[in-house]
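What follows is a single structure, written as structure tokens, with notes after it.
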Amino acid sequence: MRSLSYVRARTVREATQAFATAGEGARYIAGGTTLYDLMKLGVEHPAHLIDIASLDGADRIDTGGDVLFFGAGALMADVAEDDVVRHDYPILAESLSKAASQQLRNMATVGGNILQRTRCPYFRNGAIGAYPCNKREPGSGCAAIGGLDRSQAVLGISDTCTAVSPGDWPVALTAMDATIEIQGPAGPRSVPIAEFYRLPGGTPHLEFSIEGGEIVTGISVPKTEAGKNSTYLKVRDRESYAFALASAAVALAMDGDRVRRAHIALGGVATRPWRAHEAETLLNGQTIDREIALAAGRSAFADASAGEHNAFKIELGARTLADAIMTAGRKTQ
Ligand SMILES: Cc1cc2nc3c(=O)[nH]c(=O)nc-3n(C[C@H](O)[C@H](O)[C@H](O)COP(=O)(O)OP(=O)(O)OC[C@H]3O[C@@H](n4cnc5c(N)ncnc54)[C@H](O)[C@@H]3O)c2cc1C
């Protein structure tokens, strides 16, 4: 049996101090919906848990200022159901309401969501030593490469890891140029979401640009008129409840009937929430029709690389993006 200490913090300062005092093996826990899972599977084995689920003010949702602000401790369900988010930024609301189940969304936080780890089966089910995984045990190898790779990524992969970045909300946040607000022993800092998620390269165990002891305090999203013309489309094996096989977050700022600026990100197909710059460039200045939407979809996957069982994701991903562009386009009319 492993011994485990547990402490509940009431302020960010208390939490970071508790983390520093606990030392090696300390982990923050919020809703616990993924960390407890990984502990039970033997993938994660923290020695000290610092509960940050009820930090003062951590669940603040503020849509009235210059930016949208979501405290890291806000529940997924509360953000998904916020009136301003639902009406003016459907891309954000839909990415949350299509994630997990209602019960999970009532428990899980938006901060925990951006820090969840991959659902790669070899990462989650290999803790007993059956399968190597460079993310779980650096340098051990990757059983997914050349293995059962149906769920693996086709974009952003390396020769050490092809695990998909699992979250839906981070995909919408990526399209909307969100910033992650972080507080650590050295003070506060803000990290653009494009820099928050790391590519696997040769170090797939380093997933996020956050240091031990730092705490995510919130997420800021710039306000934009593109929010109203937006959508999050998610395709999955089981429509009611499953992680994405392919997803697309699209928001369109318009000049008349032409796209002035497209915001596009992809999920379910890449090793991190994937900004589709090529597709954005292709759409900018265009009027939306099925042909241009499909061309944008295809351009997003021009550099994709598939294994034995996941080549379908390239066509599925392109068509998912095309459908999302058409849906966002209809909202501009
Ligand atoms: C059956 C099932 C289905 C799911 N389906 C989906 C899905 O379709 N789409 C999807 O996006 N997600 C899905 N999820 C994942 C779910 O959304 C996450 O488990 C949840 O968002 C995590 O939030 P939490 O507050 O429970 O995090 P926790 O489990 O408490 O923490 C997760 C990680 O984040 C760290 N952490 C948490 N908060 C902070 C903080 N403020 N600062 C620093 N570190 C922090 C913890 O140390 C831990 O490493 C599913 C989960 C389950 C169990």
(request) Amide H neighbours of Ile29 under 5 Å, at least 5 residues apart or on other chains, H built in the peptide plane: list them. (result) Ile50, Asp51, Ile52
(request) Pairs of Cα atoms under 8 Å, at least six residues apart: use those to get the relative contact order of the range 249-333, whole percent. (result) 30
(message) Just to verify a number: what accessible area does Arg124 come out at with the full protein assembly present, 1.4 Å probe, Å² rounded to tens?
(response) 30
(request) Put one equal scatterer on each alpha carbon of the range 5-54, apply the Debye formula with no solvent term, and list log10 I(q)/I(0) at q = 0.12, 0.16, 0.27 1/Å to two decimals. (result) -0.23, -0.41, -1.01
(request) Report Thr174's accessible area, 1.4 Å probe, all protein chains in place, as a number in Å² to the nearest 10. (result) 10
(message) As an exercise, find the ratio Rg/Rh for the chain from alpha-carbon atoms, using the Kirkwood inverse-distance average for Rh.
(response) 0.97
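With every protein chain kept in the model, how would you rank Trp169, Trp274 by accessible area, 1.4 Å probe, largest at the top? It would help to have the intermediate numbers written out before the result.
Values: Trp169 0, Trp274 55 Å².
Most to least solvent-accessible, the answer reads Trp274, Trp169.
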(message) Roughly how far apart, in whole Å, are the Cα centres of the range 209-237 and the range 153-179?
(response) 12
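Counting only heavy atoms of protein chains, what accessible area per residue, in Å², does the chain have with a probe of 1.4 Å? Working shown, then result.
On the way: 14770 Å² over 333 residues.
So the chain comes to 44 Å² accessible per residue, rounded to a whole number.
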(message) List the residues, sorted by chain then number, that are 5 or more residues from Ala100 or on another chain and whose placed amide H is less than 5 Å from its amide H.
(response) Ala242
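Relative contact order (percent) for the range 5-54, with alpha-carbon contacts under 8 angstrom and 6 or more residues of separation?
Working: 67 pairs, mean separation 26.9, N = 50.
Rounded, it is 54 percent for the range 5-54.
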(request) Rounded to whole Hz and in sequence order, give me ³J(HN,Hα) for the range 136-153 from the Karplus expression 6.51 cos²θ - 1.76 cosθ + 1.60, θ = phi - 60°, writing x for Gly and Pro. (result) 7, 9, x, x, 7, x, 9, 6, 6, 6, x, x, 7, 10, 4, 8, 7, 6
(request) Calculate the dipole size of the chain relative to its Cα centre from +1 charges on Lys and Arg beta carbons and -1 charges on Asp and Glu beta carbons; express the result in debye to the nearest 20. (result) 520
(message) Using protein chains only and a probe of 1.4 angstrom, how many square angstrom of Lys331 are accessible, to the nearest 10?
(response) 80
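Roughly speaking, what is the stretch gain from Thr281 to Asp255, that is 0.36 nm per residue apart minus the C-alpha to C-alpha distance, in nm to one decimal?
Contour length minus Cα-Cα distance gives 7.8 nm.
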(message) Just to be sure I follow the rule: in the chain, considering lysines 8 or more places apart or on different chains, how many pairs have Cα atoms under 22 Å apart?
(response) 9
(request) Subtract the Cα-Cα distance of His45 and His205 from 0.36 nm times their separation in residues, and report this length gain in nm to one decimal. (result) 56.1 nm
(request) Apply the Karplus parameterisation 6.51 cos²θ - 1.76 cosθ + 1.60, with θ equal to phi minus 60°, to every residue of the range 212-228 and state each ³J(HN,Hα) to the nearest whole Hz, in sequence, with x for glycine and proline. (result) x, x, 6, 10, 7, 9, x, 9, 10, 10, x, 6, 8, 4, 4, x, 5
(request) Search the structure for amide H atoms under 5 Å from the amide H of Ile61, placed 1.01 Å from N in the peptide plane, and list their residues when 5 or more places away or on another chain. (result) Gly71
(request) Please name which of Ala172, Gln183, Ile219 has its Cα lying farthest along the dipole of the chain towards the positive end, using unit charges on Cβ (Lys, Arg +1; Asp, Glu -1) and the Cα centre as origin. (result) Ala172
(request) Could you rank Glu211, Glu308 by how accessible they are, 1.4 Å probe, largest area first? (result) Glu308, Glu211
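How much net charge surrounds Tyr131 when only the other residues with a Cβ under 12 Å from the Cβ of Tyr131 are counted, with Lys and Arg +1 and Asp and Glu -1? Before the final figure, lay out the partial values.
On the way: positive: Arg124, Lys135, Arg136; negative: Glu137.
Summing Lys and Arg as +1 and Asp and Glu as -1 gives +2.
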(message) Checking a compactness column here: for the range 59-124, what do you get for Rg(Cα) / (2.2 N^0.38 Å), N being the number of residues?
(response) 1.18
(request) Could you run the Karplus curve 6.51 cos²θ - 1.76 cosθ + 1.60 with θ = phi - 60° over the range 252-267 and give me ³J(HN,Hα) per residue in whole Hz, x for Gly and Pro? (result) 10, 9, 10, 10, x, 9, 10, 6, 7, 8, 9, 10, 9, 9, 10, x
(message) For Asp159, project a label point 7 Å along Cα to C-beta. Then give me every residue of the range 303-317 with its amide nitrogen under 20 Å of that point.
(response) 303-309
(message) Restricting to Cα pairs below 8 Å that are 6+ residues apart, what does the relative contact order work out to for the chain? Please round to a whole percent.
(response) 16
(request) Mind checking the full-extension length gain between His309 and Asp289? Use 0.36 nm per residue of separation minus the Cα-Cα distance, one decimal, nm. (result) 4.1 nm
(message) Counting only helical runs of four or more DSSP H residues, what would the 222 nm mean residue ellipticity of the chain come to if each run contributes -39,500 (n - 2.57) and the total is spread over all its residues?
(response) -8000 deg cm²/dmol
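The values are calculated or read from the model by the stated rules, or taken from the named source; none is laboratory data. Small disclaimer: the values here were computed from a predicted structure and weren't measured. Neighbour counts are summed over all protein chains in view; Cβ atoms, including those assigned to glycine, are modelled from backbone coordinates with ideal geometry. Side chains are part of the model used for accessible areas, which takes the heavy atoms of the whole protein and leaves out ligands, DNA and RNA. Shrake-Rupley method; radii C 1.70, N 1.55, O 1.52, S 1.80 Å.
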